[in-house]
Amino acid sequence: MKIVCRCEDITEEDIIRAIEEYGCTTLAELKQILRLGMGHCQGRTCLPIAAKILARKTGKSMEEIMPSFRPPVVSIEVGVIAKKVKK
Ligand code: FES
């Protein structure tokens, strides 16, 4: 058993089952069915791995599957933002 999403306890087998039985072809569909990428790390670890599994199972390219991450792509403390707003 290979754990893909540690935050939501989702295995590779769960992802393959969602692709084969429910017809998932996108990361958004895997999120809706499995809660993939919705844990504490917000998918930083699991989404790239799940994308590779999706690419392998569906024949899509990684560019088709991987979402474009919107900024901020790193964690920012609220205090840092608040200081910039006050200036
Ligand atoms: S490992 Fe999947 S959301 Fe954190």
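We did not get these values from a lab; they are worked out from the coordinates using the rules stated. Values in this document were obtained by computation on a predicted structure and should not be read as measured data. So basically every Cβ, Gly included, is an ideal-geometry build from the backbone, and we count neighbours across all protein chains shown.
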Using 0.36 nm times the number of residues separating HIS40 and SER75, minus their current alpha carbon distance, what extension gain do you get? 11.4 nm
If I model a spin label at LYS86 and MET62 as a point 7 Å from the Cα along the Cα→Cβ vector, what separation in nanometres do I get? 4.3 nm
Scan around ILE10 for amide H atoms under 5 Å from its own, H built in the peptide plane at 1.01 Å from N, and keep only partners 5 or more places away or cross-chain. VAL4, CYS5
Can you give the alpha-carbon Rg of the chain over 2.2 N^0.38 Å, where N counts its residues? 1.30
Each residue of the range 53-58 in turn: what ³J(HN,Hα) in whole Hz from Karplus with 6.51, -1.76, 1.60 and θ = phi - 60°, glycine and Pro shown as x? 5, 4, 4, 5, 7, 9
Contour minus end-to-end for ALA55 and ASP9, with contour as 0.36 nm per residue of separation and end-to-end as the Cα-Cα distance? 14.4 nm
